[in-house]
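Visitor: One structure is given below, represented as structure tokens, and several questions about it will come after.
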Amino acid sequence: MNVEKFSYDNKIVKYFAVATVLWGMVGMLVGIIIAIQLIDPAYNAASYLSFGRLRPLHTNAVIFAFVGNGMFMGVYYSLQRLMKARMFSDTLSWLHFWGWQLIIVLAALTLPFGISSGKEYAELEWPIDIMIALVWVIFTVNMFGTIFKRRERHLYVAVWFYIATVITVAVLHIVNSLAIPVSLFKSYSVFAGVQDALVQWWYGHNAVAFFLTTPFLGLMYYFIPKAANRPVYSYRLSIIHFWALIFIYIWAGPHHLLYNALPDWAQSLGVVFSVMLIAPSWGGMINGLLTLRGAWDKVRESPVLKFMVVAITAYGMATFEGPMLSLKNVNAIAHFTDWIVAHVHVGGLGWNGMLTFGILYWLVPKMYNTNLYSKKLAGFHFWAATLGIIFYAVPMYWAGFTQSLMWKEFTAEGVLRYPNFLETVIQIMPMYKLRVLGGILYFIGAGVMIYNLVKTAKAGSFVSQEGAEAPALTKLVKEPKGHWHRWIERRPAQLMFWSLIAILIGGLVELVPMMTVKSNVPVISSVKPYTPLELHGRDIYLREGCYTCHSQMIRPFRSETERYGEYSKAGEFVYDHPFQWGSKRNGPDLARVGGKYPNSWHYNHMIDVETMSPGSLMPSYPFLAEDNLDLSTTADKIRVMKKLGVPYSEGYESKAVDDLKAQAKAIADDLESTGIKVDQGKEIIALIAYLQKLGVDIRSDQEKKLTQNVNR
């Protein structure tokens, strides 16, 4: 037997581990800051430190920096050992590492300064999107190169999940990032309104599925058996878990859009497949927990296994709650409330965070050839993190129930009991304070972990190139008999192909009819394109992250139509690139705010929100009255919108600035008539124009129909 000697590359694993803890602390710290800002808006210290700009930074830092680097750390360590081969290319490994860190740094530089596409969880602008795709290709080539040069014939279950991850994330990112650039820092999504909403949540939900779930399930299947020194509970269950999960998950995105303007058929598909999703999800949880059968004494003693058990339990809780939230009657209560925030953080802090911590506690002593410095400190971290999750999630659940009940309650006379949105905000303040406590506990625990791991590293000696040996993989004349699934487990190309087919079916069935069948988006003749000034105002709205607190989607519930006006229709949003329906209401819905208040109200509300809305969580935006509106891109914006199908007249871009100035002057003159002097060229004028546009077209359509009925 020809035994080959080689070495595993631990250095790249070490660098990803360092990046994981570094960016994890940054992401958590920003999370604490924005949680404090929701208690006291005074902590919105500057425009680039406002909640609307920091919240996308928090989500991107936690998802792509902390969890992303943690995923790569685990994959680079486990894949080499599962394949009995060094990574395909050291050069590609380092290009991947430094490329990913550069993307994170660019996100940290652009998002606080308002360079954002305005698409939730996909805010990074087009040059960074291209860089993400290139770095992902580097990772994919390196991964498959390692698989193809392997010395182990069988592809273990963890590798199946890694393969499904790399191909699906590529598909999701490319489709959702399709946009036409206006400039280096600005682009518009090729999709609009309802179509963009479906694509966005097809991406958003499946980013959870294939970035936060499938790779971590692969890590679970590798590291739990290693830490417990026991085989996976059930091979057959892992097969069902894998194929059912990747096929079903891709269909579930529309459950984020229930009771919205999405066609009923798409909503129903989302509900059906979301409910089905509980079976494979819990199959994976059961497989993970039962791997520890007979090893519970070891769990009590091992900090690593404690973290992993809580992680799997949190995964089970989140994957039970997800299907439950997709039921329409439950979604009607939970959507737009803090219940969703609690749900997301059970998954993020519990599943991703705790599993990452467990892997770090297992990996660092291994790579430094020593024992963990202090089990007591690891135990402290475990309880600080666990209590942090509880103190975060429970108040947010309570806040969510409170919000929904108050929003929907009517008096005996049939009027809203709490017509003022701020009444609900004031009621949940104690829960928001407890959330901060939970976040701080979790953050402190992570800090203690860093100290523990640094002391562990100093006590040992880092094994940069870990020696190994294994027989060369030889070509078999005849395949050995075994389980039928063994055939595909030995063929990575076929496994990749069938995984791609499994995830494409659901995506194509949902997206193609939405893009091609016109009846899905009925035309409303009164809906007109944004004027140049309104378009600039909309871009300011996106830049400031207003969609993080305000929805623009009125659901067909009596409580919402009484509070906000006529429910939203699909045809209203045909010129919205991207859509702005939102996913959370820290403030009231804005779909019908146009014409509800005079221009002076909006001006005063933006300059000093307390003057118009005492007790509001919203920061003030005085800089909007000081910063000049950049008109250099006006013509390009109109030109791109025309390419996207917005029906501006031929050559309109050449006179767009004149129209903009005329509308801006009218608003400035109106403000002056109320005693407010502001230059017509300031950004606040554009934002007022946009806000005054919202819902006006629908109102005029209703008035027109009413007049026609009267005339009859």
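Here, each number is a calculation from the coordinates, and none is a lab measurement. Fair warning: this is a prediction, and the values are worked out from it, not measured in the lab. We place every Cβ from the backbone using ideal geometry, glycine too, and count neighbours over all the protein chains shown.
Visitor: Report, to two decimal places, the Cα Rg of region 1-149 normalised by 2.2 N^0.38 Å (N = number of residues).
Guide: Here the answer is 1.24, to two decimals.
Visitor: State to the nearest 20 debye the size of the charge dipole of the chain about its Cα centre, where the only charges are +1 on K and R beta carbons and -1 on D and E beta carbons.
Guide: 3020 debye
Visitor: Output the DSSP H helices from the chain with an along-axis C-alpha extent of no less than 27 Å and a mean Kyte-Doolittle hydropathy no less than 0.0. Intermediate values should be presented prior to the final figure.
Guide: Numbers: long enough: 10-37 (41 Å, 1.58); 90-110 (30 Å, 1.10); 126-148 (33 Å, 1.77); 157-176 (29 Å, 2.02); 303-325 (33 Å, 1.19); 375-408 (49 Å, 0.59); 429-459 (46 Å, 0.89); 492-516 (34 Å, 1.58).
Flagged H segments are 10-37, 90-110, 126-148, 157-176, 303-325, 375-408, 429-459, 492-516.
Visitor: What length, rounded to one decimal in nm, is gained on full extension from Thr370 through to Thr516, with 0.36 nm per residue of separation minus their alpha-carbon distance? All intermediate terms of the calculation are to be shown ahead of the outcome.
Guide: Working: separation 146, 0.36 × 146 = 52.56 nm, distance 6.03 nm.
Gain on stretching Thr370 to Thr516: 46.5 nm.
Visitor: Averaging the inverse of every distinct alpha carbon separation and then flipping it gives the Kirkwood radius. What is it for the chain, in angstrom units?
Guide: 27.0 Å
Visitor: Along the Cα→Cβ direction, 7 angstrom out, place labels at Met429 and Leu290. What is the inter-label distance in nm?
Guide: Modelled inter-label distance: 5.1 nm.
Visitor: Separate question: For region 1-149, what is the relative contact order in percent, using Cα pairs closer than 8 Å and at least 6 residues apart in sequence? Could you put the intermediate results ahead of the total?
Guide: Numbers: 162 pairs, mean separation 44.9, N = 149.
Normalised by residue count, the contact order of region 1-149 is 30 percent.
Visitor: Under a crude label model (7 Å from the Cα following the beta-carbon direction), how far is Glu626 from Leu644 in nanometres?
Guide: 3.1 nm
Visitor: Can you put Leu387, Leu82, Leu508 in order of Cβ neighbours within 10 angstrom, beginning with the fewest?
Guide: Leu508, Leu387, Leu82
Visitor: Here's another thing I want to ask about it. Could you give each residue of region 117-125 its phi-based ³J(HN,Hα) in whole Hz, using Karplus coefficients 6.51, -1.76, 1.60 with θ = phi - 60°, and x for Gly or Pro?
Guide: Result, rounded to whole Hz: 7, x, 9, 4, 6, 9, 6, 5, 7.
Visitor: On to the next question. Measure out, as a whole number of angstrom, how far apart the alpha-carbon centroids of region 579-634 and region 543-567 sit.
Guide: Using only Cα atoms to place each centre, the spacing works out to 15 Å.
Visitor: According to the square roots a ≥ b ≥ c of the eigenvalues of the Cα gyration tensor, what is the shape class of region 207-256, taking rounded for a/c under 1.5, prolate for a/b larger than b/c otherwise, and oblate for the remainder?
Guide: Verdict is oblate for region 207-256.
Visitor: For the residue pair Lys455 and Met324, what label-to-label distance in nm results when each label sits 7 Å from Cα along the Cα-to-beta-carbon direction?
Guide: 4.0 nm
Visitor: Same structure again: Considering only the other residues whose Cβ falls under 9 Å of the Cβ of Thr110, what net charge follows from Lys and Arg at +1 and Asp and Glu at -1? Don't skip to the answer; put the middle values down first.
Guide: Working: positive: none; negative: Glu123, Glu125.
So the environment of Thr110 carries a net charge of -2.
Visitor: What FRET efficiency do you get for Thr91 and Ile444 if R0 is 51 Å and r is their Cβ-Cβ distance, rounded to the nearest 0.05?
Guide: Approximately 0.85, to the nearest 0.05.
Visitor: What does the charge count around Ala635 come to, taking other residues whose C-beta lies under 10 Å from its C-beta (Lys +1, Arg +1, Asp -1, Glu -1)? Display every interim value, and only then the final one.
Guide: Details: positive: Lys637, Arg639, Lys655; negative: Asp636, Glu653.
Once all neighbours under 10 Å are counted, the net charge is +1.
Visitor: Please report the antiparallel percentage of DSSP beta bridges with both residues in the chain, rounded to the nearest 5.
Guide: Around 95 percent of the beta bridges assigned by DSSP in the chain are antiparallel ones.
Visitor: Okay, moving on. Note down the relative contact order for the chain as a percent, whole number, built from C-alpha pairs under 8 angstrom at least six residues apart.
Guide: With pairs under 8 Å counted, the relative contact order is 17 percent.
Visitor: Next question. So how do Phe211, Phe401 line up by other beta-carbon neighbours within 10 Å, fewest first?
Guide: Taking fewest neighbouring Cβ atoms as first place, the list is Phe401, Phe211.
Visitor: Work out the FRET efficiency for Trp98 and Val137 from their Cβ-Cβ distance, taking R0 = 22 Å, and round it to the nearest 0.05.
Guide: Result of the calculation: an efficiency of 0.90.
Visitor: Quick check: residue separation of Arg699 and Ser525 times 0.36 nm, minus the Cα distance between them. What number comes out in nm?
Guide: Roughly 61.4 nm would be gained on extension.
Visitor: Right, here's the next one. Filter Lys366/Lys455; Lys298/Lys376; Lys569/Lys596; Lys518/Lys655; Lys518/Lys693; Lys661/Lys693 down to the pairs with a C-alpha to C-alpha distance above 22 Å, please.
Guide: Lys518/Lys655; Lys518/Lys693
Visitor: If you don't mind, there's one more thing I want to ask. Determine the shape class of region 463-557: with a ≥ b ≥ c the square roots of the Cα gyration tensor eigenvalues, call it rounded for a/c under 1.5, and otherwise prolate if a/b is greater than b/c, oblate otherwise. Mind dumping the intermediate values first?
Guide: Numbers: a/c = 4.24, a/b = 2.18, b/c = 1.94.
Verdict is prolate for region 463-557.
Visitor: Within 10 Å of each residue's Cβ, count the other Cβ atoms and sort Leu671, Leu217 from fewest upward. Present the calculation step by step, with values, prior to reporting the outcome.
Guide: Details: Leu671 22, Leu217 29.
Exposure proxy ranking, most exposed first: Leu671, Leu217.
Visitor: For region 315-360 and region 1-38, what is the separation of their C-alpha centers, rounded to whole Å?
Guide: If we compute the Cα centre of each part, the gap is 23 Å.
Visitor: Something else about it: Which length gain, in nm to one decimal place, applies between Arg81 and Phe401 when the Cα-Cα distance is subtracted from 0.36 nm times their residue separation?
Guide: 110.5 nm
Visitor: Can you give the helix-only mean residue ellipticity at 222 nm for the chain, where every DSSP H stretch with n ≥ 4 adds -39500 (n - 2.57) and the sum goes over all residues, rounded to the nearest 500 deg cm²/dmol?
Guide: Rounded to the nearest 500, it is -20000 deg cm²/dmol.
Visitor: Can I ask one more? Considering only the other residues whose Cβ falls under 10 Å of the Cβ of Val199, what net charge follows from Lys and Arg at +1 and Asp and Glu at -1? Walk me through the numbers before you get to the answer.
Guide: Working: positive: Lys119; negative: Asp196, Glu510.
Around Val199, the charge tally is -1.
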